Amino acid sequence: MKKYILLLFLSFSLTIVSQQKKTSTKEKSDFWEHVRYGGGFSMSFGSQTTIGIAPSAIYDFDNGFSLGAGVNYIYNEIGSVTTNVYGGSIISFYQIPKIGIQLSGELEQSFAKQKNSFGNTNSTNFPALYLGAAYNKGRFAFGFRYDVLYDENKSVYASAFSPIVRFYF
């Protein structure tokens, strides 16, 4: 009798585990179908050299909203001063249907280290809250954003305005 109860218990347990695995696999595949990878980049050369990259991943909701996270790195050189900026961000998008405009909000925390030709270094960190608008065509978007928390005494950036160049796959 104990063998039958044990066998019944094990078969019931395996049935539950089997059903849970099928559900979990389906949920995973649905989730990953809504995730896109990409990010942005920046470059400028001349009297000032700037090279930046910002990879990120976002989740597309059914209602036009997207939410994600990213990291960023920027190298900047002006004369004898070099600056390395790195940080992380939380990104949100809203795609306005039928007109190709993407509204964005990004909360970013950045850390910067400046070094001059004399070997002196200066480290700082600063938050940014970017609100922006971009023209979006397929996987590519370009536009402008504005940092509402911009403080010229703390930020290493020259302006609160910056361009948006994004792509997602």
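The values are calculated or read from the model by the stated rules, or taken from the named source; none is laboratory data. All values reported here derive from a predicted model rather than from experimental measurement. For neighbour counting, all protein chains shown are included, and Cβ atoms are generated from backbone atoms with ideal geometry for every residue, glycine included. Accessible surface areas use protein heavy atoms only, side chains included; no ligands, DNA or RNA. Shrake-Rupley method; radii C 1.70, N 1.55, O 1.52, S 1.80 Å.
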* Structure fact -> Expressed in nanometres to one decimal, the distance between label points 7 Å along Cα→Cβ at F31 and F167 is 2.8 nm
* Taking the stretch 60-103, how much of its Cα-Cα pair set, in percent, is spaced more than 12 angstrom apart? -> 70 percent
* First measure r as the distance between the Cβ atoms of D62 and T124, then evaluate 1/(1 + (r/R0)^6) with R0 = 41 Å and state the FRET efficiency to the nearest 0.05. => 0.50
* Ordered by residue, what ³J(HN,Hα) values in Hz, to whole numbers, does the stretch 43-57 give under the Karplus form 6.51 cos²θ - 1.76 cosθ + 1.60, where θ = phi - 60° and Gly and Pro are x? -> 8, 7, 10, x, 5, 10, 10, 9, 9, x, 9, 9, x, 7, 9
* Asked: Check F144: other-chain or 5+ apart residues with amide H under 5 Å from its amide H, H built from backbone geometry?
  -> A133, I164
* To do: Heavy atoms only, probe 1.4 Å: what % of the accessible area of the stretch 51-115 goes to carbon and sulfur, would you let me know?
  => 68 percent
* Which whole-Hz couplings ³J(HN,Hα) result when phi for each residue of the stretch 30-41 is put into the Karplus expression 6.51 cos²θ - 1.76 cosθ + 1.60, θ = phi - 60°, listed in order with x for Gly and Pro? -> 5, 4, 5, 5, 9, 8, 10, 10, x, x, x, 8
* Determine the gain in length on full extension of the stretch F111-I96; use 0.36 nm per residue of separation and subtract their C-alpha separation, reporting nm with one decimal. => 2.1 nm
* Asked: Between V148 and T82, how many nm apart are label points set 7 Å from Cα along the C-beta direction?
  -> 3.7 nm
* To do: Using a 1.4 angstrom probe, figure out how much accessible area the stretch 100-150 has per residue, in square angstrom, rounded to the nearest whole.
  => 60 Å²
* Structure fact -> In whole µm²/s, the translational diffusion coefficient that Stokes-Einstein assigns to the stretch 51-169, given a Kirkwood hydrodynamic radius over C-alpha pairs, 25 °C and 0.890 mPa s, equals 160 µm²/s
